[in-house]
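Student: First the structure, then my questions, so here it is.
The values are calculated or read from the model by the stated rules, or taken from the named source; none is laboratory data. Just so it is clear, the model here is predicted, and its values are computed rather than measured. Here Cβ is always computed from backbone atoms with ideal geometry, including for glycine, and neighbour counts include all displayed protein chains.
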Amino acid sequence: MDLASDSSAILGTLWIYPVGAIFLMLSALIPPIPSTTVFVALGAVAGLDGGPKALLLVAAMMAGALAGDLATYWLTKLFGHTKWGSTRGPRRQRAVDAGTRRLQQRPFMFMLTSRFIPLGRLSSNVAATVAGFSLRSFAAYSLISALVWSLYSVGVGIATRFWPGISTQTAVIIAIVASIILGWLLGKVSTWALDGKHSKQAPAVEL
């Protein structure tokens, strides 16, 4: 049984792109929704018979990521970051405070790397609003981050297809696991790089 052929009726339709974009937009507001893994899995079957197109996946992911970031920005502007259920309590407040500090020091690096960390996207978007980022600056950082994030996610999926002797199903599983491990490593490295010599004084942000 081949995953690509069995699901070709779904993966080959143009609806996969707007649905994927909407899914990614909602993940900015509801962090438990997995965002990267969906496009990593789609990337693993991109280009196969009946599978989605890689460039359209990247475009859909960028659109969904930007829309979700802007929605978070405006909702935080309207209601304040304390209204968000996932930012209540001392732990979440420390995350927003640390995120605000990191944004002020290295805004692009933080906006980019937070995309790969669980719950990092919401915290970084809220922190950008709290830090007083203008809409133009926020949108620019978000767009560039979305481009890199999209290329990474779809690219990891595509790369696994070239591993010898594995089925499509296995490629999808490997792609998802690899993206999670790489995201975890990137989160550790970015925390060290963003905090530098102050990392021991500042509480680690649990995004």
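Student: Looking only at the stretch 69-123, which residues are assigned to a loop (DSSP other than H, G, I, E, B) and at pLDDT 70 or above?
Tutor: Once the filter is applied, which keeps residues that are assigned to a loop (DSSP other than H, G, I, E, B) and at pLDDT 70 or above, the stretch 69-123 yields Gly80, Arg106, Ile117, Leu119.
Student: Let me ask something additional. Restricting the search to the stretch 27-70, which residues are free of Cβ contacts under 8 Å to residues at least 40 places away in the same chain and among the charged types (D, E, K, R)?
Tutor: Lys53
Student: Also, I was wondering about something else. For residues in the stretch 124-135 being among the polar types (S, T, N, Q) and part of a helix (DSSP H, G or I), which is surrounded by the most Cβ atoms within 10 Å (Cβ to Cβ)?
Tutor: Ser124
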